[in-house]
Amino acid sequence: MAIINEGNILSILSTMNPWWQTGTVPNAQVKEFRRNGYYTCQKALESDLRRIVVMSGARRTGKTTIMYQIISELLMQGVKPQNILFFTFDHPVIRMTGIDSLLSIYHNNISNDEEFWLFIDEVQFDKNWTHYLKMAYDMNPMMRAVVTGSASAVVEDNIRESGAGRWTVIKIPTLSFYEYCAIKGIIKNTENIDVFKLHTLSKQEQTRIILGLKDLQVHLMRYLQMGGFPELVKTDDIVYAQKLLREDVMERAIKHDLPAIYEIRSIDELEKVFVYLCYNSSSIINIEAMCKEFDGASKPTIEKYIRYLADANLINISKQLNIAGKKVLKSKNKIYVADSGIRGAVVLGADIYTKEDELGYALETAVYKHVYDYYYAQNSLYEVGYVRDSNGAEIDVAVQYAGRPIQFIEAKMRNNSTMKNDNGIVVYGMEDTPGYVITKNEADFGLTERGKTSLYRIPAYAFLYLIGFLRSKGECSK
């Protein structure tokens, strides 16, 4: 019997759309907590400017859950259950069928109403998805659509080729520290606090805020160890959770997803490149040294694999920024694992509780992620990278807009976090904007003048929680 037949497809679609029979989304799929991306996606979907909403991000960041939450909200608003279609290209039969045929079977058998909502998960596995969605968009003026993709560059490149006017892309990163705490039921009263304006408050008010958050320190350590994957937040079995995360990254993303999208000569070599980057997260990457490490692998191959891993949202590439008005010679990228939990799962012995260096790597990874996510959510034209000059003066995380410096941040998760005069954050410090120094201890905070600039020291737990809250507040108000 042929696998691809109408009866078989309808049976699969009925299983994927239980609300056709029950009128509701199963509780296990909806989840109580709403991520930042939920509000952004929902408002884009409801906008008068009709767009196909595309959520991109790594596996297990909650993209599918956001779709289920939106479907649940639509049902509560009175949308006819049969007018909501969901399917995922993770299913092999669905993948073989394709969007065009699936829509035809749906309209012929379930609903032919002009107004309907389409939700597609892991859309990048259909190589012609933008073509068929563009056709559906043009032929169905009452259709609203949300799709997800785990390969960002593939998704965004296809969108650019098909015409950007029909699409709205929303990135769904792993949980911020604020979101992590919220899922655990930990909510602090930070409603009117802007982390980048703390230095304007009185010393008494700063003390009240910083000490009021100090019980988050123990949760930050757990967050840095486990990372920001929603389904792992509440588990107590760290070893088993790391095993699941390692298998999900290695077996599904690297050995399955990327080879299904790209022509990869050696999956083993790709895996070795990823493990190497995990061990060297937060470091400036020397491609030539990597070629030697992998027995003569070519530079173009290594660079290609790094792009693929970034595309799969497994690593972040931090570019060297030119903030001094001079051309950067021999610019090299820093690489961060996309989430500190991934590094903890892959790197054996990465114990942040007993090894200060490991704690430093995990913190810098988390700081870069939070800063990038915060600024990108405001405007994708912000550049978040690092600074390093010919004298060795370096800034861990730097933000600029249209070539103008916006914010400098240095992560120092150690007991002695003194900034010397030749440190980049002092050398290149701005007169009107203090550089932020992320510290380890709750008593190590406050504003200090350093020559023509100033530094604001803030404990890591407070900075990550407050910048996560600030981003969440911005997302919910858009």
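The values are calculated or read from the model by the stated rules, or taken from the named source; none is laboratory data. Just so it is clear, the model here is predicted, and its values are computed rather than measured. Counting neighbours? That spans all protein chains shown, and the Cβs are built from the backbone with ideal geometry, glycine included. Quick note on the areas: whole protein, heavy atoms, side chains included, nothing else; ligands and nucleic acids left out. Shrake-Rupley method; radii C 1.70, N 1.55, O 1.52, S 1.80 Å.
Computed from Cα atoms, the angle from the helix 238-247 axis to the main principal axis of the chain rounds to 60 degrees.
Residues whose amide H lies under 5 Å from that of Phe119, counting only those 5 or more places away or on a different chain, are Leu85, Phe86, Phe87, Val146; hydrogens are built 1.01 Å from N in the peptide plane. Protection proxy ranking of 224-230, 440-446, by the mean of other Cβ atoms within 10 Å over each peptide's residues and highest first, is 224-230, 440-446. Highest-first packing order for the peptide set 69-79, 393-403 is 393-403, 69-79, based on the mean count of other beta carbon atoms within 10 Å.
Charge dipole (Cα centre; +1 on Lys/Arg Cβ, -1 on Asp/Glu Cβ; no other charges) of the chain amounts to roughly 980 debye.
Bridging of Lys355 to aspartates and glutamates at a Cα separation below 19 Å is possible for Asp339, Glu364, once same-chain residues fewer than 8 apart are set aside.
Over the stretch 282-367, accessible surface divided per residue gives 46 Å², non-protein components excluded, 1.4 Å probe. With respect to the chain, whose longest principal axis is taken over its alpha-carbon atoms, helix 299-311 is tilted by about 70°. First measure r as the distance between the Cβ atoms of Lys214 and Met250, then evaluate 1/(1 + (r/R0)^6) with R0 = 41 Å and state the FRET efficiency to the nearest 0.05. Step by step, r from the Cβ atoms, then E = 0.65. Nearest-5 percent of antiparallel DSSP beta bridges in the chain? That works out to approximately 40 percent antiparallel.
With contacts taken as Cα pairs under 8 Å at a separation of at least 6 residues, the stretch 376-478 carries a relative contact order of 19 percent.
From the square roots a ≥ b ≥ c of the eigenvalues of the alpha-carbon gyration tensor of the stretch 182-338, which class results: rounded (a/c under 1.5), prolate (a/b over b/c), or oblate? In terms of gyration-tensor shape, oblate. Spin-label model, Asp268 to Tyr376: label points 7 Å out along the Cα-to-beta-carbon direction sit 3.3 nm apart. Placing pseudo-labels 7 Å out from each Cα toward the beta carbon at Glu303 and Asn189 gives an inter-label distance of 5.5 nm.
Pairs exceeding 22 Å between alpha-carbon atoms, taken from Lys188/Lys234; Lys188/Lys243; Lys243/Lys319: Lys188/Lys243; Lys243/Lys319. Ligands, DNA and RNA left out, the accessible area of the chain computed with a 1.4 Å probe is 49% carbon and sulfur.
Note on the stretch 1-118: Rg/Rh from Cα positions, Kirkwood definition for Rh, rounded to two decimals, is 0.95. Taking the Cα centre of the stretch 335-478 as reference, the dipole from Cβ charges on Lys and Arg (+1) and Asp and Glu (-1) amounts to some 240 debye.
In the stretch 29-75, a dipole from Cβ-located charges (positive for Lys and Arg, negative for Asp and Glu) runs towards its positive end, and of Gly57, Leu74, Phe33 it is Gly57 whose Cα lies farthest in that direction. Neighbours of Arg144, meaning other residues whose beta-carbon lies under 11 angstrom from its beta-carbon, give a summed charge of 0 when Lys and Arg score +1 and Asp and Glu score -1.
The ellipsoid equivalent to the alpha-carbon distribution of the chain has semi-axes of 40, 26, 21 angstrom, derived from the gyration tensor eigenvalues as √(5λ) and listed largest first. How about Lys80: which aspartates and glutamates have a C-alpha closer than 19 Å to its C-alpha, ignoring those fewer than 8 places off in the same chain? Counting by Cα, and skipping residues close in sequence, Lys80 has these aspartates and glutamates nearby: Glu46, Asp113, Glu114, Glu115.
The three principal axes of the C-alpha atoms in the stretch 67-224 carry coordinate ranges of 67, 36, 30 Å, sorted with the longest axis first.
Annotation: the antiparallel percentage among DSSP beta bridges lying fully within the stretch 361-478 is about 65. Per residue, the stretch 421-477 exposes an accessible area of 37 Å² to a 1.4 Å probe, with every protein chain left in place. Using a cutoff of 8 angstrom between alpha carbon atoms and counting only pairs six or more residues apart, the relative contact order for the chain works out to 14 percent.
Remark: relative contact order (the stretch 295-421) = 20 percent; criterion is Cα-Cα distance under 8 angstrom and separation of 6 or more residues.
Peptides 121-133, 20-32 ranked from most to least packed by the mean count of surrounding Cβ atoms within 10 Å: 121-133, 20-32. Working note: 222 nm ellipticity from helices only, DSSP H runs with n ≥ 4, each -39,500 (n - 2.57), summed and divided by the residues of the chain, gives -13000 deg cm²/dmol to the nearest 500. In this structure, the pairs whose alpha-carbon distance is over 29 Å, taken from Lys63/Lys332; Lys63/Lys304; Lys369/Lys420; Lys31/Lys127; Lys299/Lys412, are Lys63/Lys332; Lys31/Lys127; Lys299/Lys412. Across the options Gly227, Ala253, Gln204, the greatest Cα extent toward the positive end of the charge dipole of the stretch 201-360 (unit charges at beta carbon of Lys, Arg, Asp, Glu) belongs to Gln204.
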